Amino acid sequence: MATLIKSKISNKLSNAATTVSNKSQAKVSGMFARMGFQAATNEEAVGFAACDDLDYDHRQGMQMDIMTNDEMGEGSGEMGLDGVDGDTRYQRDGTGPPPSASKDGDLCKELADDRPKITVWEAGWNVTNAIQGMFVLGLPYAILHGGYLGLFLIIFAAVVCCYTGKILIACLYEENEDGQLVRVRDSYVDIANACCAPRFPALGGHIVNVAQIIELVMTCILYVVVSGNLMYNSFPNMPISQKSWAIMATAALLPCAFLKNLKAVSKFSLLCTMAHFVINILVIAYCLSRARDWAWDKVKFYIDVKKFPISIGIIVFSYTSQIFLPSLEGNMNKPSEFHCMMNWTHISACILKGLFALVAYLTWADATKEVITDNLPSTIRAVVNIFLVAKALLSYPLPFFAAVEVLEKSFFQDGGRAVFPDCYGGDGRLKSWGLSLRCGLVVFTLLMAIYVPHFALLMGLTGSLTGAGLCFLLPSLFHLRLLWRKLLWHHVFFDVAIFVIGGICSISGFIHSMEGLIEAYKYNIHD
C-alpha cells in the first residue's frame, strides 16, 4: 500500500513538473516568436520563415510530450485526442473549437493562448517592410527599360501578389463537418506536401525549401554586391575597387557564422529600416526639387525587348513576401483581418513604388543607374550611401541565419534521415563542421559578389527564378490542386492565367538575366 501511494504521489509530482515545464517552454517559444516578429521588420522579413519551422516543430513536440505523459500517468483511455488536435487548429475568425473536457485539452488551449499574437497593424508593418524595402532602389532602372509598361507592371505585380497571398492562406484551411473553416496546415511547406500527397508526400516541401534557400542566399549576395557598389560610387577617387570594398564588407560579416539568435541584430535592423524610409523620402524630395527639368519625353511606350524581361524580375522580387505569410497570419490575433491587411499594404506599396520609380527616372532619364542613389550629387551621395551600406550589412544576418536554419534542419537535424551528423553537441555548442558550413556560406556569397557584381542582373535573376515561383506559380498551382472542387469559374480562370503568365515571365526573365550575366562576365563589364 505504501508503495502504491508513493507511486501515485510520484506520478502526480511528475505530471505537475511536466505541466510547469511545458508552460515554461511555451513562454520561451512565445518569446522566440516575438523575436522573430522583430526580426521580420526587415524588408525581407525572413525571420518569419525560420520562425515558422521552429514554432511548428515546437508545437508538434509539445503535443507528443503531452500525449506521452498522459499515457504514463493516467492511461491512454482518458486521452482526448480530438481536444488536443482541435486546440492546435484555430478557425479564421480567431475562435477555436469547444475546449476539451480533459485536463490535457485545457493545457493545450492554455499553451496556445500563451503564444504571442500580433495586431493587424503589426502584421501590416511586417508586410510593408517586406515589399517596400531596400530593393526598391532598383525600380527606376526597371522603368528605364520598360517605360510606361514598367509602371503598369508595378501595379499588375501588386494586384497579383496580393491575390496569390490570399489564396496561399486559403490553402491552410479546410471545412470541418459543421462547414466552418479550420486551419489544418501551418506553413508553405505543409501546403506543398499536401499537394504532392499521397504518392510523394515530401516532394513539395523539398521544392519549397530549395526555392527558399536559393532566394535567401541570393539575397545575401545582393547585400554584399550593393555594399561594394555603394562604397565604390561614394568614394570614386580612392584607389579601392568594387571587389575590394566587397571583400571588406564580407570581413565585417564573418561574425555572422557565430550567430545563435537575432535578438541584438533585429533591434538595429528596425532602426535601419526607419532610416531607409527617411532616405527614400530624401531621394523623392530631391527629385521634386528638380521637377522643372523632368524628362517626360524620355518615358517610352515601347520596351527594350532584350532587357525588359530583367525588369520584370526586378519588379517581382520587390514584392516577394509569400514565404512568411502563413506564419504571419497564424500569429495574428484576428486572422479574419488578414485580407484587409493585404489590400491596404499592397495598395500603398503600389502607389509609393510607382511614384518613387517614376519621379526618379524623370529626374535622371537615360542616365539612371542600377542603384538610384548613385545618381545623387556627390555632396550628399556619400552620406546617403553609407547609411544604406550600414543597413545592408545589418540586414545580411537575417537571410543568412534563416538559410543556415533551413540547411541545418534539412541535412543535419532531420532525425534518422539526416545526411550528416548534427551540427551541435550535447552541450548545445556548435561543432567544427557546423561552423565550417556557416563560414563557407559567407565566403560563397563573397565569391558570387566578386565574380558577378551586377545588382540589377542578380536581382532580376532571383525574381525570375524564385520570386515568380514562390509568388505566382506555386500559390496558383496549390490553390487549384487543393480547392479546385470548391472554386468558382473566375477563380479557376485567374489561377490558370497567373500560372501561365508567371511561367512565361519567369522563363523569359531567367533566360535574359543569364544571358546578361554571361555577357557581363565574358567581357568583364563592371558598372
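The values are calculated or read from the model by the stated rules, or taken from the named source; none is laboratory data. Just so we're clear, the structure is a prediction, and the values are computed from it rather than from any experiment. Positions of Cβ are backbone-derived with ideal geometry, glycine not excepted, and every protein chain shown enters the neighbour counts. When the accessible area is computed, the model is the full protein with side chains, heavy atoms only, and any ligands, DNA or RNA have been set aside. Shrake-Rupley method; radii C 1.70, N 1.55, O 1.52, S 1.80 Å.
Is it true that some residue in segment 197-210 is crowded, with 22+ Cβ neighbours inside 10 Å and not in a helix (DSSP H, G or I)? Checking segment 197-210: not a single residue is crowded, with 22+ Cβ neighbours inside 10 Å and not in a helix (DSSP H, G or I).
Taken together, Ser464, Ser476 contain a single residue that is modelled with pLDDT of 90 or more, under 19 Å from the mean Cα position of the chain (by Cα) and buried (at least 18 other Cβ atoms within 10 Å of the Cβ), which is Ser476.
Scanning segment 165-175 for residues that are in contact with a helix residue (DSSP H, G or I) (Cβ under 7 Å, 6 or more places away or on another chain), under 13 Å from Ser336 (Cα atoms) and open to solvent by less than 30 Å² (accessible area, probe 1.4 Å) turns up Ile169, Ala170.
Under 7 Å by Cβ, and 6 or more places apart or on different chains, what pairs join a residue from segment 434-446 that is farther than 11 Å from Val217 by Cα with one that is among the hydroxyl-bearing types (Ser, Thr, Tyr) and open to solvent by 40 Å² or more (accessible area, probe 1.4 Å)? Partner pairs satisfying both residue conditions: Gly434/Tyr424.
Taking segment 388-398 as the range and being out of contact with any Phe, Trp or Tyr (no Cβ under 8 Å at 6 or more places or on another chain) and surrounded by 18 or more Cβ atoms within 10 Å (Cβ to Cβ) as the test, the residues that pass are Leu388, Val389, Lys391, Pro397, Leu398. Checking each residue in segment 343-368 for being surrounded by 20 or more Cβ atoms within 10 Å (Cβ to Cβ) and at pLDDT below 90 picks out no residue at all.
Would you confirm whether any residue within segment 176-192 is open to solvent by 50 Å² or more (accessible area, probe 1.4 Å) and either assigned to a helix (DSSP H, G or I) or at positive phi (or both)? There is no residue in segment 176-192 that is open to solvent by 50 Å² or more (accessible area, probe 1.4 Å) and either assigned to a helix (DSSP H, G or I) or at positive phi (or both).
Selection of segment 479-525 for residues being among the acidic types (Asp, Glu) and either touching a Cys at 6+ places or on another chain (Cβ under 7 Å) or open to solvent by 60 Å² or more (accessible area, probe 1.4 Å) (or both) yields Glu515, Glu519. Cβ-Cβ contacts under 8 Å between residues 6 or more apart (or on different chains), taken from a first residue in segment 173-190 that is over 27 Å from Cys471 (Cα atoms) to a second residue that is open to solvent by less than 30 Å² (accessible area, probe 1.4 Å) and not β-branched (Val, Ile, Thr), are listed as Gln180/Gln91. Summed over segment 369-380, the residues that are open to solvent by 40 Å² or more (accessible area, probe 1.4 Å) and closer than 18 Å to Val225 by Cβ give a count of 1.
When you look at Gly105, is it in contact with a helix residue (DSSP H, G or I) (Cβ under 6 Å, 6 or more places away or on another chain), at pLDDT below 80 and either within 21 Å of Phe499 (Cβ to Cβ) or of a type in the set (Gly, Ala, Ser) (or both), yes or no? Yes.
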